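Step one of this worksheet: look at the structure below.
The values are calculated or read from the model by the stated rules, or taken from the named source; none is laboratory data. It should be emphasised that the depicted structure is a prediction, and the values quoted were computed from it without experimental measurement. Ideal geometry is used to build each Cβ from the backbone, glycine not excepted, and the neighbour counts take in all protein chains shown.
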């Protein structure tokens, strides 16, 4: 009985709104109603975030969440297993676009699990990567996320290659990328284990940094002098510089570092890509 009360109360309240004020005329009106429901404690904050995310994907396009071409981890069709296996293991991804003769030719998708037999047999003499490729799906940058999600579910694909207006490769998008816009952060290849450091080096100039990294820890790691009077975390400083909650893939230059939002949701940012600015050095 008690479990049904909040739900019944919510539907009764929504019905009364419909009677006295009519049906909502826009998505913004729907969001306003949902936020008022949260204030009345008819839905909790997590449920509100998911409902707002579900509404938001209808207004978003693939280009807003895709992994850009420069960050794609790909395998080339002419590579030998000993050449691409270290990349597969190091990246820990589950799917890899396989390129043909040029970087705009994607032949298919390689699933890491399809390489298990190769690793177990340790016989690479007769290996042919094209024989185990899965079909590739191409989508335009302008495709709506809600449409893409329906296609992912219908075809059971988990990855699509994003093409630009000229037919070139712009990036890739996964079903996880879409779902994160609805339910928030999903732990993936970029995430850190709880016991890991909040700062992870990618290469000589690039680092992945948790937004909750304390300003003191960030200063110690990067030899910076950010003040902690107004904010406690590096994520707070980045959000403060934007003057609003930034979207994923948005970047901002602070002192000599470029901060790019890699992961976040409608309430906070979670992960930052930090790169030393070449412009500042020049």
Counting only residues that are surrounded by 15 or more Cβ atoms within 10 Å (Cβ to Cβ) and not in a helix (DSSP H, G or I), which one in the range 229-244 is farthest from the chain's Cα centre (by Cα)?
231
Filter the range 203-212 for residues that are part of a loop (DSSP other than H, G, I, E, B) and touching a strand residue (DSSP E or B) at 6+ places or on another chain (Cβ under 6 Å); the one that is surrounded by the most Cβ atoms within 10 Å (Cβ to Cβ) is 211
Going by the conditions given, is residue 182 at pLDDT 85 or above and either within 25 Å of residue 248 (Cβ to Cβ) or not assigned by TED's automatic domain parsing to the domain that holds residue 256 (or both)?
no
Given the options 105, 83, name the one that is surrounded by fewer than 17 Cβ atoms within 10 Å (Cβ to Cβ), in contact with a strand residue (DSSP E or B) (Cβ under 8 Å, 6 or more places away or on another chain), farther than 24 Å from residue 249 by Cα and free of Cβ contacts under 8 Å to residues at least 24 places away in the same chain.
105
